[in-house]
Amino acid sequence: MMAATRTAAIRLTQIAMGSLALGALAMAGAAAAAPLVLVFAIFQGAGYGVVGILRAVVTREVLGQQNFGAIAGAVSLPALLAFAAAPFLGAVLMNMAGPVPLLMLCIIAALMGAAMLRVTARTL
């Protein structure tokens, strides 16, 4: 039963990361069709909300419950630093290369996160 729970949490997180990728893809098409901004908001909001909820669940299931606070803090630090630097770095990338490479980076990052979770699920 525990393995099924682990798989379910990881699978839901993968789906949520796919939602983030679809949101970025919708934003890329928003210049041609303005209603895609609404599609972006739905996919981005739902995806990020689910990832936020399941981050702690997946961390506990993969790394264990002992010393969970310290482990969760250490695991979340790189993500928090990236989250803090993202607006500046995104603005620099957009200024240098335009919106398409920035949106492609968002799509690739979400898909890579989902792929890494797939590898993690295989090791459990």
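The values are calculated or read from the model by the stated rules, or taken from the named source; none is laboratory data. Computed from a predicted model, the values in this text were never measured in an experiment. Don't worry about glycine lacking a Cβ; one is built from the backbone with ideal geometry, like all the others, and counts go over all protein chains shown.
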- Item | Matching residues in the range 64-97 - criterion: being modelled with pLDDT of 95 or more and not in a helix (DSSP H, G or I) | none
- Message: Being exposed (fewer than 12 other Cβ atoms within 10 Å of the Cβ) and small (Gly, Ala, Ser) is the filter here; which residues of the range 46-72 pass it?
- Response: GLY52, GLY64, GLY69, ALA70
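Based on this model, can you work out whether ARG11 counts as free of Cβ contacts under 8 Å to residues at least 60 places away in the same chain, of a type in the set (Lys, Arg) and in a helix (DSSP H, G or I)? Reasoning before the result, please.
Working: free of Cβ contacts under 8 Å to residues at least 60 places away in the same chain: no; of a type in the set (Lys, Arg): yes; in a helix (DSSP H, G or I): yes.
For ARG11, the condition - free of Cβ contacts under 8 Å to residues at least 60 places away in the same chain, of a type in the set (Lys, Arg) and in a helix (DSSP H, G or I) - is not met.
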- Before we move on, is PHE43 of a type outside the set (Ser, Thr, Tyr), buried (at least 17 other Cβ atoms within 10 Å of the Cβ) and either in contact with a Gly (Cβ under 8 Å, 6 or more places away or on another chain) or modelled with pLDDT of 90 or more (or both)? yes
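Of all residues being of a type outside the set (A, V, I, L, M) and at pLDDT 95 or above in the range 20-40, which is surrounded by the fewest Cβ atoms within 10 Å (Cβ to Cβ)? Just the residue, please.
Taking the range 20-40 and keeping what is of a type outside the set (A, V, I, L, M), we get 23, 29, 35, 40.
From what's left, at pLDDT 95 or above: 23, 40.
Numbers: GLY23: 25, PHE40: 19.
Residue satisfying both the conditions and the ranking: PHE40.
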- Select from the range 84-124 the residues that are within 16 Å of ALA16 (Cβ to Cβ) and not β-branched (Val, Ile, Thr) and list them in ascending order. CYS106, ALA109, ALA110, LEU111, MET112, GLY113, ALA114, ALA115, MET116, LEU117, ARG118, ALA121
- Message: Take MET17 and tell me if it is over 14 Å from the mean Cα position of the chain (by Cα), within 17 Å of ALA109 (Cα to Cα), surrounded by 12 or more Cβ atoms within 10 Å (Cβ to Cβ) and of a type in the set (A, V, I, L, M).
- Response: no
- Based on what the data block shows, is MET116 surrounded by 12 or more Cβ atoms within 10 Å (Cβ to Cβ) and out of contact with any helix residue (DSSP H, G or I) (no Cβ under 9 Å at 6 or more places or on another chain)? yes
